[in-house]
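The values are calculated or read from the model by the stated rules, or taken from the named source; none is laboratory data. All values reported here derive from a predicted model rather than from experimental measurement. As a convention, Cβ positions derive from the backbone with ideal geometry for all residues, glycine included, and neighbour counts pool all protein chains shown. Side chains are part of the model used for accessible areas, which takes the heavy atoms of the whole protein and leaves out ligands, DNA and RNA. Shrake-Rupley method; radii C 1.70, N 1.55, O 1.52, S 1.80 Å.
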Amino acid sequence: ESSSETTKPDEEQPVEVIANRLDAAEKLGKSIYIGDVVITQGTTKITGDQVSIEHPLSVLESAVATGKPATFKRYSLEQQKWLTGHAEQITYNAKLKTLLFQGDALVEQEGENSIQGPEIFYDLTQKTLRAKGSGEADQRIKVIFTPQTPAETPSTPTPEQP
Amino acid sequence: MSKKLSWLLFILLSLLMFVLATQQMSYTTQAPAVTPKPLETYSWQIFDSTTWALDAQKPNQQNIINAKAIYYQETQKVAKFTEPRIIQVSTDKTTTIQSQFATSTNETQILFEGNVLMQSQSLNQTNKTLKTQQITYNSDTQQLESPLEVVLTDPKTRISGKGFQGNLEEGHYQFASKVTTIFSPTKD
């Protein structure tokens, strides 16, 4: 890919879907890809055992990936870091630019924090995360903040040890 | 004396006949045994032709068959085409299929081979193109099938894979292996 291609935002790049099998119902604008499915759009990559894609008039609108687990990763140009995640089901809405991780979901911002729970919603435009859990033991939300290493902390004078 | 002469003459003649005969034999044994190949006999054949097929049941649809050569075998109901181009025109859609060769059997199944190109242009659907090296079309079920790679394109997508089966009329098809689809980026 030429350098101008790679600096283009992911949403302005073609979407490539690779799989073992395909079952398409074109008039309905629906396709089911089966077996080692990999969806790539720029730096965004989603994998799953099976992916259902809605593509009315041949325009990709949404993709629902299921797997053990389905995985997601994307590179943020502004933060110069990878965002990765996995869940039993990942729904990518290309129109709204949102991601919904459902079932044993985990989303991690490289070297910063990670969030776990039954359901996590990520807005790619706003870069906001929302997690939903319930009172039951295995349905709670867990957030881990990674302390910044010294190199990253701004140089503020540390108080003298007594 | 004359008796001796005629006897000698007789021997020379038979010797000569013998030499000729052996040479003839060696000649035939040297020539390769060419068994003439039975010519495929056709009931009829036609060259550089264009034929129209109109169907009383489908008044607003016609099929135009254009071919460099058509050879038809009545007994087995087999037709062989060279450079066929079949155009199906209906009120809202035109589908063309062309290839280097085609063979139709029992007048319902036709096998297209060599640079097969199928194009469908319709008023209410995106135009589609199908490319492959071999595909079979069943006119009863309108089912297409190919064991080789097939590439399906329309203005926004490109799908390729092997083991294609489907009905482009209904827009329902499968690929059995090696599937790659590319959706063009959308302009917001």
Problem - Members of the stretch A:86-102 found to be surrounded by 15 or more Cβ atoms within 10 Å (Cβ to Cβ) and either hydrophobic (A, V, I, L, M, F, W, C) or closer than 15 Å to residue A:10 by Cβ (or both), listed by number - result: A:87, A:90, A:92, A:93, A:94, A:97, A:98, A:99, A:100, A:101
Handout entry: Complete set of residues in the stretch A:12-30 that are within 7 Å of another protein chain (Cβ to nearest Cβ) and assigned to a helix (DSSP H, G or I)
Key = A:12, A:26, A:27
Fill in the blank from the handout: Within the stretch B:127-140, residues modelled with pLDDT of 85 or more and more than 19 Å from the chain's Cα centre (by Cα) come out as B:127, B:128, B:129
Handout entry: Criterion (more than 13 Å from the chain's Cα centre (by Cα) and of a type outside the set (A, V, I, L, M, F, W, C)) met by exactly one of B:124, B:115
Key = B:124
Exercise for the section: Out of the residues in the stretch B:27-55 that are loosely packed, with under 10 Cβ neighbours inside 10 Å and small (Gly, Ala, Ser), state the one that is modelled with the highest pLDDT. Expected result: B:33
Handout entry: Scan of the stretch B:78-105 for residues that are of a type outside the set (Val, Ile, Thr) and farther than 19 Å from residue B:52 by Cα, ordered by number
Key = B:100, B:101
Exercise for the section: Of all residues in the stretch A:54-112, count the ones that are assigned to a strand (DSSP E or B) and either within 14 Å of chain B (Cβ to nearest Cβ) or charged (D, E, K, R) (or both). Expected result: 12
Exercise for the section: Within the stretch B:109-126, track down each residue that is farther than 22 Å from residue B:67 by Cα and either within 11 Å of another protein chain (Cβ to nearest Cβ) or β-branched (Val, Ile, Thr) (or both). Expected result: B:124, B:125, B:126
Exercise for the section: Of all residues in the stretch B:60-91, count the ones that are open to solvent by 60 Å² or more (accessible area, probe 1.4 Å) and not in a strand (DSSP E or B). Expected result: 6
Practice task
Would you point out the residue of the stretch A:31-43, among those that are buried (at least 20 other Cβ atoms within 10 Å of the Cβ) and more than 7 Å from chain B (Cβ to nearest Cβ), that is farthest from residue A:81 (Cα to Cα)?
Solution key: A:31
Handout entry: strands (runs of 3 or more DSSP E) fully within the stretch B:144-188 counting 2 or more residues that are farther than 15 Å from residue B:130 by Cα and either within 7 Å of another protein chain (Cβ to nearest Cβ) or open to solvent by 50 Å² or more (accessible area, probe 1.4 Å) (or both)
Key = B:177-183
Exercise for the section: Filter the stretch B:116-143 down to residues that are surrounded by 19 or more Cβ atoms within 10 Å (Cβ to Cβ), out of contact with any Asp or Glu (no Cβ under 6 Å at 6 or more places or on another chain) and either free of Cβ contacts under 8 Å to residues at least 40 places away in the same chain or closer than 26 Å to residue A:60 by Cβ (or both), then give me how many there are. Expected result: 6
Practice task
With respect to residue B:58, determine if the residue is of a type in the set (D, E, K, R) and either in contact with a Pro (Cβ under 9 Å, 6 or more places away or on another chain) or at pLDDT 90 or above (or both).
Solution key: no
Fill in the blank from the handout: Only unsatisfied item for residue B:135, checking (1) over 23 Å from residue A:33 (Cβ atoms); (2) more than 12 Å from chain A (Cβ to nearest Cβ), is (1)
Exercise for the section: Return yes when residue B:102 is among the aliphatic types (A, V, I, L, M), touching a Lys or Arg at 6+ places or on another chain (Cβ under 9 Å), open to solvent by less than 50 Å² (accessible area, probe 1.4 Å) and assigned by TED's automatic domain parsing to the domain that holds residue B:133 and no when it is not. Expected result: yes
Practice task
Could you tell me whether the stretch A:126-149 includes any residue that is open to solvent by less than 20 Å² (accessible area, probe 1.4 Å) and either among the polar types (S, T, N, Q) or part of a strand (DSSP E or B) (or both)?
Solution key: no
